[in-house]
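Each remark here refers to the structure printed beneath this line.
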Amino acid sequence: MVTFTKPSRVGRSSVNVAKAQYIISLLLTGTLCSSVQASEIAIEQAIGQGPTIEVFIDSSLQIVSGNDHKTVYLIDRIYKLQEELSIDLPADPESAKSLALQRFQRMNTQLSRELENAAKGLVQAMQYGIDRYPAIVFDGQAVVYGLTDIPAATQLYQRWQAESATQ
C-alpha cells in the first residue's frame, strides 16, 4: 500500500524506537550525527538540482532510481552491526564488553561509512516522524510510503505539488 503525507502528519507511534536507535547509533559511532538543514535543501533547489530526495529503506529492499540527486539511508545497518559484534561473545559482561570494543575498533572505513549512513538515516527519520519504510522524502516537505521506485514516487510528489498550487 502506498501512502503519501506531509512529515508533520506522520504518526509518532515509533518515536521511542527511533530514539532508542539514535542512542545506539551514538554509542556505536561515538559522534553526534547532524541532519540536513533546510538551508541546504533550499541551496540545492536554487542551483537547479530538482527536489532533494531522501530514501529510507532496509538492506533487503532495492530501489529503482531515476535521479542521481538522492540520499539513500539503509536504516537496518546498525542492527546488523550489533549482530556481527555480538557473535560468540563470552557470558561474562566485562569480557563481552572488552571483546565487542576490540571488534568495533577494528572496523574498516567502509563499515564506518555504512554505520554513519544508518545513524544519519535514523536521525532524519526521527526528525521527519517517519514510522515505517520504505519511505521517500521530497524536499523535507512530503513523504511517500510504500514505494522504492523513485520515478513513480516523484510523479506522486509532482502531482501533489500541482494540486496544492491550485487550492
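Annotations
- Scope the stretch 128-167; condition of a type in the set (S, T, N, Q) and in contact with a helix residue (DSSP H, G or I) (Cβ under 8 Å, 6 or more places away or on another chain); matching residues: Gln141
- Checking each residue in the stretch 113-154 for being among the small types (Gly, Ala, Ser) and part of a loop (DSSP other than H, G, I, E, B) picks out Gly129, Gly140, Gly146.
- For the condition more than 15 Å from the chain's Cα centre (by Cα) and farther than 30 Å from Ala152 by Cα, Pro51 does not qualify.
Readers should treat all values here as calculations from the given coordinates under stated rules, not as data from a laboratory. Only a predicted model underlies this, so the values are computations on that prediction, with no experimental measurement involved. For neighbour counting, all protein chains shown are included, and Cβ atoms are generated from backbone atoms with ideal geometry for every residue, glycine included.
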